[in-house]
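Comments concern the structure below.
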Amino acid sequence: MPASLTTAEIATQPDCWQRAAELAPAEAAKLPRDGERVAVIGCGTSWFMAQSYAALREQAGAGAGSPSGAGGRGETDAFAASEFPFGRSYDRVLAITRSGTTTEVLLACERLRAAGVPVTAVTADPRTPVMKAADEVVVLDFADEESVVQTRFATTVLALLRAHHGHDLRGAVADAREAVTGELPAALPAAEQFTFLGTGWTYGLAQEAALKMREAAGAWTESYPAMEYRHGPVSITGPGRVVWAFGELPPGLAEDVAAVGGTLEARPDTDPLADLIRAQRLAVAIAERRGFDPDRPRNLTRSVVLP
């Protein structure tokens, strides 16, 4: 069977991240500045990347090489575009939109600009309405996708923002190259249920991994902050079910999963964004195992444009 379009796009992510890291200095003036109070908006996958970035920005210290630096770059909130609290005051709003056509994002941008709030958009398509709806636009057209399901654009946005705040992405790129070629554990595609966990900025990645599995494969997936796993979600874990943790494991979690017969998938020494690539590949593998076309997921379109 020929590789799906989604598979081909997934495989380009290491190169996309490298280009994003190189682009970051040239686009710095458009992106959030230290000390600004920032809100990040998006829909679906873009909302989950917004969540990850908000946590990263608040945790990152000046010159930090990893997301755990001290000091923070400024208060940062993340919202689904349809849920933005227009009564709050922000120095800048960052809108993430692959297509540049999503109705909720465009309406939020227009309302914010009318209120005098600077808006920066990150998009993949310079021919779309967001070019006029935002004050500043960063175009990542090299990471655009033909697929309905987002993979490389979303992670490239996060790579750009990590680089903007001083993160050295060389390790992440190296881990990504391994993630696109390494073998997935044989037991994973056959599992009946997946629970994705994250802490801090990786909780957004857990949310996104679960969404990819639902979108591409119609799989039963859930996602939680890692420390919340014991507060209910552990009840569905058992034989044939997987707990996938991004980043460091909380103490005792591995033992909890083992005690109920679940399978733990965790690579704490791998950059969490690179580990998301493995989850993307797993979503495609499960879709193909079930006879679904990952390039044409059920009930989805590339962008949600409302009348």
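At 222 nm, what helix-only mean residue ellipticity would the chain give, in deg cm²/dmol to the nearest 500, using -39500 (n - 2.57) for each DSSP H run of four or more?
Taken over the chain, the calculation gives -12000 deg cm²/dmol.
Report, in debye and to the nearest 20, how large the dipole of the chain comes out about its Cα centre when Lys and Arg carry +1 and Asp and Glu carry -1 on their Cβ. The partial results should precede the final answer.
Working: 29 positive and 39 negative charges, 100 e Å.
Computed charge dipole of the chain: roughly 480 debye.
Can you give me the three principal axis dimensions of the stretch 1-42 from its C-alpha atoms, in Å, biggest first?
51, 24, 11
Given R₀ = 35 Å, what would the calculated FRET efficiency be for His231 paired with Glu83, taking r from the Cβ atoms and rounding to 0.05?
Numbers: r = 24 Å, r/R0 = 0.70.
It comes to 0.90.
First measure r as the distance between the Cβ atoms of Thr103 and Asp135, then evaluate 1/(1 + (r/R0)^6) with R0 = 30 Å and state the FRET efficiency to the nearest 0.05.
Once the sixth-power term is evaluated, E becomes 0.95.
Evaluate the charge dipole of the stretch 176-307 about its Cα centre and quote only its size in Debye, nearest 20, assuming +1 on the Cβ of each Lys and Arg and -1 on the Cβ of each Asp and Glu.
Here the stretch 176-307 has a charge dipole of around 480 debye.
How big is the charge dipole of the stretch 84-199 about its Cα centre, in debye rounded to the nearest 20, if each Lys and Arg gets +1 on its Cβ and each Asp and Glu gets -1 on its Cβ? Intermediate results must be reported in sequence, preceding the final value.
On the way: 11 positive and 15 negative charges, 89 e Å.
Here the stretch 84-199 has a charge dipole of around 420 debye.
Can you work out the accessible area per residue across the chain, with the rest of the protein chains kept in place, probe 1.4 Å, in square angstrom?
41
Using the Karplus curve 6.51 cos²θ - 1.76 cosθ + 1.60 with θ = phi - 60°, work out ³J(HN,Hα) for each residue of the stretch 88-104 in order, rounded to whole Hz, and write x for Gly and Pro.
8, 9, 9, 7, 7, 10, 10, 10, 9, 8, 4, 7, x, 10, 5, 4, 4
Rounded, prolate or oblate: pick one for the stretch 168-211, where a ≥ b ≥ c are the square roots of the eigenvalues of its C-alpha gyration tensor, a/c under 1.5 means rounded, and failing that, prolate if a/b is larger than b/c, else oblate. Could you put the intermediate results ahead of the total?
Working: a/c = 3.27, a/b = 1.18, b/c = 2.77.
It comes out oblate by the Cα gyration axes.
With θ taken as phi - 60° and the coefficients 6.51, -1.76 and 1.60, list the Karplus ³J(HN,Hα) couplings across the stretch 139-156 in order, rounded to whole Hz; mark glycine and proline as x.
Going residue by residue, I get 9, 10, 5, 5, 9, 5, 9, 8, 5, 5, 7, 6, 9, 6, 4, 4, 5, 5 Hz, with x marking Gly and Pro.
Using 0.36 nm per residue of separation minus the Cα-Cα distance, give me the extension gain between Arg289 and Asp91 in nm, one decimal.
Length gained between Arg289 and Asp91: 66.5 nm.
For the stretch 189-305, what % of the accessible area comes from carbon and sulfur atoms, probe 1.4 Å?
52
Let me cross-check Ser235: its accessible surface, 1.4 Å probe, with only protein heavy atoms counted, in Å² to the nearest 10?
Counting only protein heavy atoms, Ser235 exposes about 100 Å² to solvent.
Would you please put 245-258, 102-115 in order of how densely packed they are, using the mean number of other Cβ atoms within 10 angstrom per residue and starting with the highest?
102-115, 245-258
What residues qualify as long-range amide H neighbours of Gly200, i.e. H under 5 Å apart, gap of 5 or more or another chain, H built at 1.01 Å from N?
Here nothing satisfies the definition.
Please list 93-99, 197-203, 290-296 highest first by mean number of surrounding beta-carbon atoms within 10 Å per residue.
Ranked from most to least packed, the peptides come out as 93-99, 197-203, 290-296.
Please list 3J(HN,Hα) in residue order for the stretch 165-170, calculated via the Karplus relation 6.51 cos²θ - 1.76 cosθ + 1.60 where θ = phi - 60°; whole Hz, with x for glycine and proline.
The phi angles translate into 9, x, 6, 7, 8, 4 Hz.
Test of understanding: what is the full-extension gain from Arg296 to Glu178, defined as 0.36 nm times their sequence separation minus their Cα-Cα distance?
Additional length available on full extension: 39.8 nm.
Specify whether the C-alpha gyration tensor of the chain places it in the rounded, prolate or oblate class, a ≥ b ≥ c being the square roots of the eigenvalues: rounded for a/c under 1.5, otherwise prolate if a/b is larger than b/c and oblate if not.
Numbers: a/c = 1.64, a/b = 1.38, b/c = 1.18.
Here the chain falls in the prolate category.
Which order, highest average first, do 11-22, 222-233 follow once you tally other Cβ atoms within 10 Å for each residue and take the mean per peptide?
In descending order of packing, they fall as 11-22, 222-233.
Which of rounded, prolate or oblate describes the stretch 1-150 when judged by the alpha-carbon gyration tensor and an a/c cut-off of 1.5? Let's see the in-between values first.
Values: a/c = 1.79, a/b = 1.21, b/c = 1.49.
Oblate shape, in that a/c is at least 1.5 and b/c is the bigger or equal ratio.
Rounded to the nearest 10 degrees, what's the angle between the helix 202-217 long axis and the longest principal axis of the chain, both from Cα atoms, 0 to 90?
70
What is the chain's relative contact order, in percent, from Cα pairs under 8 angstrom and six or more apart in sequence?
20
Considering only C-alpha atoms, what is the centroid distance from the stretch 89-137 to the stretch 1-24, in Å?
Cα centroid of the stretch 89-137 versus Cα centroid of the stretch 1-24: 25 Å apart.
The values are calculated or read from the model by the stated rules, or taken from the named source; none is laboratory data. Here the structure is a predicted model, which means the values were calculated and not measured. Positions of Cβ are backbone-derived with ideal geometry, glycine not excepted, and every protein chain shown enters the neighbour counts. Note: accessible area is taken over every heavy atom of the protein model, side chains too, but ligands, DNA and RNA are not part of it. Shrake-Rupley method; radii C 1.70, N 1.55, O 1.52, S 1.80 Å.
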